[in-house]
Structure formats: structure tokens, C-alpha cells
Amino acid sequence: MKNDLTCGLVRDLLPSYVEGLVCGETQEAVERHLADCPGCTAALDAMREPVPDPEAETAEQNREVDYLKKVKRHNRWRIAAAAVLAGCAVIAAFLFQLFERGVPLNHETVAITELSFLPEEGPEGCQGTLSLSLSSISSGKAFHSWRVATGDSLGVSYITAREVLASPLHSNGSGGMKNIPISSNTREVWLGGPSGRLLWQDGMVISRLALNLMDANLPHCGDPTAAARITDLLRLPVYFGSYTFSLQTAQPPYGWTLESANPIRPEQRSLVDAYNILALALVGNLEVSRCTHPSQDGTVLENSMTLEELDGTLLPSMAKAYNAANGTDWEIKASVKDYARSPADLQRLLLILDFSYSIGLTELGG
């Protein structure tokens, strides 16, 4: 039989054909057409595909949504846990910094309560032993990990420690080291690093007053403000009250005069002599140091000292007397200005003046 059905007609008939609603003759015609027409055959195959179940699709979509929500919740907890762990790590690092690692000890935040040197003590090859004790100026500080770094090429050693907040781990706000051996090649010992505080030099424990006076060292006597630093360090304003300076810098002998507004009592004259000696030592071109003050009857009295008389007789006799009384063999300098060459030499001068005048210079400034 001739296949006289067109593709359009067959495709219109396909829904009825699939459902079995066409008559026998039409069914045969459709099947003859399908046998020769791949396009209509493909359309028939598509119609016979099972129709998706909407409920099944919805259930599958719901399962996918539930899975995604579960993954999202899990990730949220993981992110939260990671954030908590990171926060704990930051807090732990912060607490470790405060209470364990801390910062290097700063010599300006501590007060030295003991600093002594015993010569010829300790193991063979040592000059002696140094002992240091200190306490924190501010409360709530503690120290640990004391050690001595020794042996650089210049013979300099450093005493170091860690400064932390006080806690059960480290609760001591004071500390230090006892019987530190000073090797034969050591020239200096510092608290802290190179910018710290000099403790010992060439066999001498160095007081803070000696360090401060070294900083006040002047090449010329023409600056009254700088000159006043020496009087402040010796606390002359505390003893004498107000004063003024006058300078003699036009021609040699160069000098200056401290003019006190108040009388100077006899027991204070030793301090005036010590001041004159230190001024001549610390000011490069100073040749005369004077101190004037009013007497009870209104006349002006003067205590003066010249570099010539100090270097010629007074200072050598004071140094010899100190050596004899203390069993030392310190070099007697040619000039008082030679005592300002180093903190150790200036410390020796302070001890000589203390011995001669009993004025407690080495106790000033710590």
C-alpha cells in the first residue's frame, strides 16, 4: 500500500497512535510512514519517554537543599571553630609576650640597691667578682633569665635579663646576680646592652653621680647654663639656696664665680671645696673656681681654688693620704683634669674627695 501520509499528519496522529486510539487502517498507515521516516520515528520515541513525577522531582530537590544546608551549617561551625582557635592563639601569644617573653631589661626602669666589687676573688684568671641587686621602679614588674654576655674584642661584658609583668610564673620585682666573675681581659661591665648603664670599669664600681658628672663635662667655661648642671648634680641649691654665676672669659686665667645669696655655714665649706675641685676637673679651660657668699655682718666672703695650687700640692697630698689609708696604689694624676678622662678615674676622684671631706659624694645619684 502506498504510504501517502505526510510528516505533519503523522505527527498530529502520534499522540492518538501512542494511546492506541486510531483505527486499524490508520495505524497501518502510520507505521508504514514511520518505517521510512527517521524524524517521525524520533518524535515517537520522545513521546514514549516516561513523564517525570513532579513529586519525585520535588523530593529530590528537597534532598539536595537539605544536603546543601547541612554542608553550610558544617562549614559555619568549622569557620567559627577556626575563628575561636585563632582568637585563642592571639590571646596566648599576647599573654606569653606580657608574662614570659617580655622585653629586655631597661636600666632606666630599675633602681640599683647593691653594686659591689671584691677584687682578687673568684676562680684563677679573674680580677674579682661583681655583685648586683636591683628593684623595679614601677610596681607589677618582674625579672627573669639573668645572664652575663662576656668576651667581646674590647673587653666589654653585659648583664641582661627579661622584664615581664609580675605573675605566678615570675613574681619577683627585684633581682640581680651575685659573685659574677670578672675575667682578666674585662675592662667594662654594663647593665643591658651597649646603650645601657655602665656598672664597672677598670676595677671601679661606677656610681650614677660619676656618670652624670661625665655627661656634664665642658670644654669651655663660657656657658653658665651648662655650668649650673654641676651645681645641680652636687645639690648645691638644696644646701645654699639661690645663687648666680659670673664668668671670667675675657683673658686668662679663665674662671667662674658662684655667688650664693645666703651665708655658707662652716660645716658646708668642705662641700664648696669639693665643688671647686670638681669644676676645675670637668671644665676644660677653667683655671679658677670661686664661691662667694655674704657673712653675718654683710661683708662678702670668698672660697676660691686655682688649678695651679690644686695640681701642685692639694690633690697629690689628698691622693697619697687615700692610698695610705685604704691600701690602694692608685696613680696620682699630673692634673685634676686627668680624672675626667674616664668614669673610672672620675669615680676615684669622688672617693678621694669623700675621704678628705666626709661629704657623702658617692651616695649622690645612686
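Taking the options Ser157, Ser195, Ser138, name whichever one is within 21 Å of Gln97 (Cα to Cα) and either among the small types (Gly, Ala, Ser) or part of a strand (DSSP E or B) (or both). Let's see the steps before the verdict.
Values: Ser157 fails: within 21 Å of Gln97 (Cα to Cα); Ser195 fails: within 21 Å of Gln97 (Cα to Cα).
Result of the check over Ser157, Ser195, Ser138: Ser138.
Being more than 16 Å from the chain's Cα centre (by Cα) and either small (Gly, Ala, Ser) or within 21 Å of Asn172 (Cα to Cα) (or both): is that true of Gly102 here?
For Gly102, the condition - more than 16 Å from the chain's Cα centre (by Cα) and either small (Gly, Ala, Ser) or within 21 Å of Asn172 (Cα to Cα) (or both) - is not met.
Quick check: anything in region 193-211 free of Cβ contacts under 8 Å to residues at least 60 places away in the same chain and either of a type in the set (Asp, Glu) or farther than 30 Å from Asp232 by Cα (or both)?
no
Go through region 296-321 and give me each residue that's over 20 Å from Pro253 (Cβ atoms), among the charged types (D, E, K, R) and at pLDDT below 95.
Answer for region 296-321, where residues must be over 20 Å from Pro253 (Cβ atoms), among the charged types (D, E, K, R) and at pLDDT below 95: just Asp297.
Only one residue in Leu271, Leu209, Leu213 is over 32 Å from the mean Cα position of the chain (by Cα), modelled with pLDDT of 90 or more and either part of a loop (DSSP other than H, G, I, E, B) or surrounded by 13 or more Cβ atoms within 10 Å (Cβ to Cβ) (or both), so which one is that? Even if it seems obvious, please write down each step before you answer.
Values: Leu209 fails: over 32 Å from the mean Cα position of the chain (by Cα); Leu213 fails: over 32 Å from the mean Cα position of the chain (by Cα).
Going through Leu271, Leu209, Leu213 in turn, just one is over 32 Å from the mean Cα position of the chain (by Cα), modelled with pLDDT of 90 or more and either part of a loop (DSSP other than H, G, I, E, B) or surrounded by 13 or more Cβ atoms within 10 Å (Cβ to Cβ) (or both): Leu271.
Determine which member of the set Ala281, Ala324 is assigned to a helix (DSSP H, G or I), surrounded by 21 or more Cβ atoms within 10 Å (Cβ to Cβ) and modelled with pLDDT of 95 or more.
Numbers: Ala324 fails: surrounded by 21 or more Cβ atoms within 10 Å (Cβ to Cβ).
Just one listed residue meets the conditions, Ala281.
Please find, within region 175-192, the residue that is surrounded by the fewest Cβ atoms within 10 Å (Cβ to Cβ) out of those that are assigned to a loop (DSSP other than H, G, I, E, B) and among the hydroxyl-bearing types (Ser, Thr, Tyr).
Ser184
Taking region 95-131 as the search range and keeping residues that are of a type in the set (D, E, K, R) and at pLDDT 90 or above, which one is most open to solvent (accessible area, probe 1.4 Å)? So that I can check it myself, show each step before the final result.
Let us first name the residues in region 95-131 that are of a type in the set (D, E, K, R), namely 100-101, 108, 114, 120-121, 124.
Imposing the further condition that a residue be at pLDDT 90 or above reduces the set to 100-101, 114.
Details: Glu100: 59, Arg101: 125, Glu114: 66 Å².
Across region 95-131, the extreme among qualifying residues is Arg101.
Return the pair list, or none, for Cβ contacts closer than 8 Å from residues in region 21-34 that are among the small types (Gly, Ala, Ser) to residues that are open to solvent by less than 80 Å² (accessible area, probe 1.4 Å) and not in a helix (DSSP H, G or I), at least 6 apart or on different chains.
If the second residue must be open to solvent by less than 80 Å² (accessible area, probe 1.4 Å) and not in a helix (DSSP H, G or I), the pairs left are Ala29/Asn3; Ala29/Leu5.
The values are calculated or read from the model by the stated rules, or taken from the named source; none is laboratory data. Because the structure is a prediction, the values reported are computed rather than measured. Ideal geometry is used to build each Cβ from the backbone, glycine not excepted, and the neighbour counts take in all protein chains shown. Quick note on the areas: whole protein, heavy atoms, side chains included, nothing else; ligands and nucleic acids left out. Shrake-Rupley method; radii C 1.70, N 1.55, O 1.52, S 1.80 Å.
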